[in-house]
Amino acid sequence: MQLGVNVPNFGPGTDPGVLRDWARVTEGLGFDLLMVSDHLVITPDVAERYPEPFYEPFTTLSWLAGLTTRVRLGTTVLVLPYRHPLAVARMAANLQQLSGGRFVLGVGVGWARREYDALGVPFGARGRLTDEYLGVLREALPTGYERIPVWIGGSSAAALRRAAEFGDAWHPLRLTLGAMSGVLAEHRLPGFAPRIALRLTDAPITDPDRPAGVGTLEQVLADLEQLRALGADSVVFDPYHGDPEETRRPQPAWRDLAAVAAHWRTRP
């Protein structure tokens, strides 16, 4: 099972130097995957949680591809209806070639109504457009050696249907272990690659609704074991917890990632 990191590509503390440091930490600690998020227009609803600067994912990952050698690069998740699907296919294929086959395309429908409005894309049609665009991508993306894995984000019934029809993996975001286990027991999906939180605590978290990835180091390691037992091919850690000021202080997240990486490698 591979481990990855969702790197903040936004916020007041983020700049090219910090992004470079995140890439070096992620690859240096032995993680297998580096992923970034997607917004194009930072409308007020987006800015509350993901303020400027916000580095566009294809541009950012192309640059990081030249600063790394081994780590896979991906989107978690690209809001698919924001861009013409043929443009997405061309950018994804180019990034796959330029990175030496290291790209993973995670996609979703998005949630920011005002961002949709700013882009002139009908918010109410986002599900239909996502289905349509996934069909175009299936025909347009490269096959064979340069084939790009497609992960489908979301946990709605429509997202699960898309994962089964179009995806290589279901990519749920920040669910509990119980919720993920329940979905996997009821649905036949092509793969499983969750994104979970990462926040280490000194004392165990006893809340039954504890999100996966939150708790003591032993709890988080146990979460990884359970996810592996559920069939996860990859698990992506998300160390961002909603406060933009966190982007000015990446060191606590790096310490948590280092602790998990060191102990996970030594487990049988």
- Message: Can you give me the distance in nm between label points at Glu165 and Leu98, each placed 7 Å from the Cα along the Cα-to-Cβ direction?
- Response: 3.2
- For the stretch 41-175, rounded, prolate or oblate, judged on the Cα gyration tensor with a ≥ b ≥ c (square roots of eigenvalues), a/c < 1.5 rounded, else prolate if a/b > b/c? oblate
- Message: Only bridges whose two residues both fall in the chain count here: according to DSSP, what percent of them are antiparallel, nearest 5?
- Response: 5
- Task: Please state, rounded to one decimal and in Å, the Kirkwood hydrodynamic radius that the chain gives when every pair of distinct Cα atoms enters the mean of 1/r.
- Result: 18.8
- Query: If R0 is 35 Å, what FRET efficiency do you get for Asp15 and Glu186 from their C-beta distance, rounded to 0.05?
  - Reply: 0.20
- On a C-alpha basis, how far is the centre of the stretch 1-61 from the centre of the stretch 206-268 in Å? Whole number, if you could? 17
- Message: Accessible area per residue for the stretch 222-268 in Å², computed with a 1.4 Å probe and the full protein assembly in place, what is it?
- Response: 49
- Item | Spacing of the two label points (7 Å from each Cα toward its C-beta) at Asp131 and Gln226, in nm | 3.4
- Rounded to a whole %, the carbon-and-sulfur portion of the accessible area of the chain at a 1.4 Å probe is 52
- Would you mind putting 71-77, 136-142, 169-175 in packing order, based on average other-beta-carbon counts within 10 Å, highest first? 71-77, 169-175, 136-142
- Modelled label reach - Arg267, point 7 Å along Cα→Cβ, the stretch 147-173 residues with backbone N closer than 20 Å: 172-173
- Task: Enumerate the amide H contacts of Val235 below 5 Å, restricted to partners 5 or more residues apart or on another chain; note that Pro and chain-start residues carry no placed amide H.
- Result: Gln2, Leu3, Gly4
- Message: List the residues, sorted by chain then number, that are 5 or more residues from Ser155 or on another chain and whose placed amide H is less than 5 Å from its amide H.
- Response: none
- Query: In nm, what is the difference between 0.36 nm times the number of residues separating Arg255 and Trp111 and their Cα-Cα distance?
  - Reply: 48.7 nm
- Per residue solvent-accessible surface (Å²) - the stretch 52-209, probe of 1.4 Å: 46
- Give the long-range amide H neighbours of Leu34: residues separated by 5 or more places, or on another chain, with amide H under 5 Å away, using H modelled in the peptide plane at 1.01 Å from N. Val5, Arg72, Leu73, Gly74
- Query: Taking the simple approach of a point 7 Å from Cα along Cα-to-Cβ for both Ala179 and Arg90, what is their distance in nm?
  - Reply: 3.8
- Query: How big is the stretch 137-268 in terms of Cα radius of gyration and Dmax, in angstroms?
  - Reply: 16.2, 50
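The values are calculated or read from the model by the stated rules, or taken from the named source; none is laboratory data. Here the structure is a predicted model, which means the values were calculated and not measured. Cβ: placed from backbone, ideal geometry, glycine included. Neighbour counts: every protein chain shown. SASA here: full protein model, heavy atoms, side chains in, ligands and nucleic acids out. Shrake-Rupley method; radii C 1.70, N 1.55, O 1.52, S 1.80 Å.
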